[in-house]
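The next block holds one structure in the form of C-alpha cells; read it before the comments.
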Amino acid sequence: MAGHSKWAGIKHKKAVVDARRGKLFTKLARGITVAAKEGGGDPDSNSALALAVQKAKDASMPKDNIERAIAKGTGGGADAEALETVLYEGYGPGGVALLIEAVTDNRNRTGSDVRHILGRHGGSLGEPGSVAYLFDKRGVVVVDASRYDEDDLIAAIDAGALDIERDDDVFEVLTEPGDLAAVREALERGGVEIESSELRQQPKTRVPVDDGAAPGLLRLIDALEEQDDVDVVHANFDVSADVLERVAG
C-alpha cells in the first residue's frame, strides 16, 4: 500500500486548484446528473446520488450547483439524456492495470481520446474484462492519521467496516459499497472529521513500480484525469511515498 493514499492526498490538494478553475465542479455535476437520471432525484432513496452529492460537498461545491445538477438529471432534457457512464480498461507502463471511469455524451469521442492518451504515454487500451477482475469495488473513508489513532475509528468496525489500513499519514477505512454511508455517519457521530469518502476500485494486488518508471506512470494518470470526460482513474501500482512527493513537487 506504500504511498498509494499519499498520491490520493496529493491529488486532493490538486483538486482544490481544479475547483477554482471550475473543472472539478463540472465533473462532479455531471456525476450527480447521471445518478439522478438513472435513479431519481431523492438521495434518500438513490444511494448513487447520495454518494455523488456527498463527494461534491467534500469538494465544497455550492449547494445551488448541486441542486441544479439534480434538476438537470430529473428534468429529462436532451443534454441529460445523452450522458452515460463508461468504463475503459487498459495498461500503463510496467504492466500497471488501469480502470478509467468516464461520464460522456459521446462515447466514441471519449474512447478515441483515452486511447490516444494511453498510447502517447506508453500505455494501451485493453478489451472489456481485461483488467476489471484485478479490482474489488469498495467504499473508502479517508481520515487524517496525524489527528486520530485507530482507537478513534472503532465505531467504523461496529458500523460494518471491513478493515482499517494505515498508509503514510492517513487511515483508509474500507467498507462494502452499500455500507459506505453508514460507516461515514458512525465516524462523524463519534467526532471524527472525514477527509473524503468515495467508492473506489480497490486493487486485489499491487504492481511495484520503480523510481525510473513512476514519473511516466503518474504523468499518464494525470493526463487521463485532465481529459474532460474522465471522472477517475483506478490503478494497481505501488510506489513509495518519497517518490510520489518528488514527482508531485
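What ranking of GLU226, GLU185 comes out by heavy-atom accessible area, probe 1.4 Å, highest first? Walk me through the numbers on the way to the answer.
On the way: GLU226 70, GLU185 100 Å².
Solvent-accessible surface, decreasing: GLU185, GLU226.
From the Cα trace of the range 177-227, what convex hull volume per residue do you get, rounded to a whole Å³? Mind showing how you got there, number by number?
Values: hull volume 7.2 nm³, N = 51.
Dividing the Cα hull volume of the range 177-227 by its residue count gives 141 Å³.
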Completion exercise
On each of the three principal axes the extent of the alpha-carbon atoms of the range 17-149, given in whole Å and largest first, is 48, 42, 30
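The range 134-231: which trypsin sites (Lys or Arg not before Pro) are DSSP loop and have at most 16 other beta-carbon atoms within 10 angstrom? The partial results should precede the final answer.
Details: sites: LYS137, ARG138, ARG147, ARG166, ARG184, ARG189, ARG200, LYS204, ARG206, ARG219; in loops: ARG147, LYS204, ARG206.
Those that pass, being in a loop and sparsely packed, are ARG147, LYS204.
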Exercise for the section: Compute the relative contact order of the chain as a whole-number percentage, counting only Cα pairs closer than 8 Å that sit 6 or more residues apart in sequence. Expected result: 24 percent
Fill in the blank from the handout: Taking Cα pairs closer than 8 Å and at least 6 residues apart, the relative contact order of the range 54-193 in percent is 17 percent
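Per residue, what volume in Å³ does the convex hull of the Cα atoms of the range 106-197 enclose? Let's see the in-between values first.
Working: hull volume 13.5 nm³, N = 92.
Expressed per residue, the convex hull around the Cα atoms of the range 106-197 is 147 Å³.
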Problem - the range 129-245, relative contact order in percent, only Cα pairs under 8 angstrom and at least six apart counted - result: 29 percent
Practice task
Please grab the % of Cα pairs in the chain that end up more than 32 Å from each other.
Solution key: 19 percent
Exercise for the section: Give the span of the range 146-199's Cα atoms along each principal axis, as three whole-Å numbers ordered largest to smallest. Expected result: 28, 21, 17
Completion exercise
Pseudo-spin-label distance ASP242 to VAL86, built 7 Å along Cα→Cβ, given in nm, is 4.2 nm
Completion exercise
Over the chain, the sum of -39500 (n - 2.57) across DSSP H runs of at least four, divided by residue number and rounded to 500 deg cm²/dmol, gives at 222 nm -14000 deg cm²/dmol
Problem - GLU150 versus LYS23: modelled label distance in nm, points set 7 Å from Cα along the beta carbon direction - result: 3.9 nm
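Normalized C-alpha radius of gyration of the range 131-249, against 2.2 N^0.38 Å? Before the final figure, lay out the partial values.
Details: Rg = 15.6 Å, N = 119, 2.2 N^0.38 = 13.5 Å.
Computed over Cα atoms of the range 131-249, the ratio equals 1.15.
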Exercise for the section: Would you tell me the accessible area of HIS116, worked out with a 1.4 angstrom probe on the heavy atoms of the protein chains, in Å² to the nearest 10? Expected result: 110 Å²
Practice task
Would you kindly find the accessible area of ILE194, with a 1.4 Å probe and non-protein molecules such as ligands, DNA and RNA excluded, rounding to the nearest 10 Å²?
Solution key: 20 Å²
Fill in the blank from the handout: Taking only the alpha-carbon positions of the range 31-87 as identical scatterers, the Debye log10 I(q)/I(0) at q = 0.19, 0.23, 0.31 Å⁻¹ comes out as -0.58, -0.84, -1.27
Practice task
In whole angstrom, note down how far apart the Cα centers of the range 99-164 and the range 195-249 are.
Solution key: 10 Å
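Rank SER240, SER197, SER60 by accessible area, highest first, at a 1.4 Å probe radius? Before the final figure, lay out each step's value.
Details: SER240 50, SER197 10, SER60 90 Å².
The residues order as SER60, SER240, SER197, largest area first.
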Exercise for the section: Work out, step by step, the length gained on full extension between ILE194 and ASP64: first 0.36 nm times the residue separation, then minus their alpha carbon distance; give nm to one decimal. Expected result: 44.5 nm
Handout entry: With all protein chains modelled, accessible area of LEU87 [1.4 Å, Å²]
Key = 80 Å²
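The values are calculated or read from the model by the stated rules, or taken from the named source; none is laboratory data. This structure is a prediction, so every number in the text was calculated from the model and none was measured. Because the Cβ atoms are built from the backbone with ideal geometry, glycine has one as well, and the counts that use them run over all protein chains shown. For accessibility, only protein heavy atoms count, side chains too; no ligands or nucleic acids. Shrake-Rupley method; radii C 1.70, N 1.55, O 1.52, S 1.80 Å.
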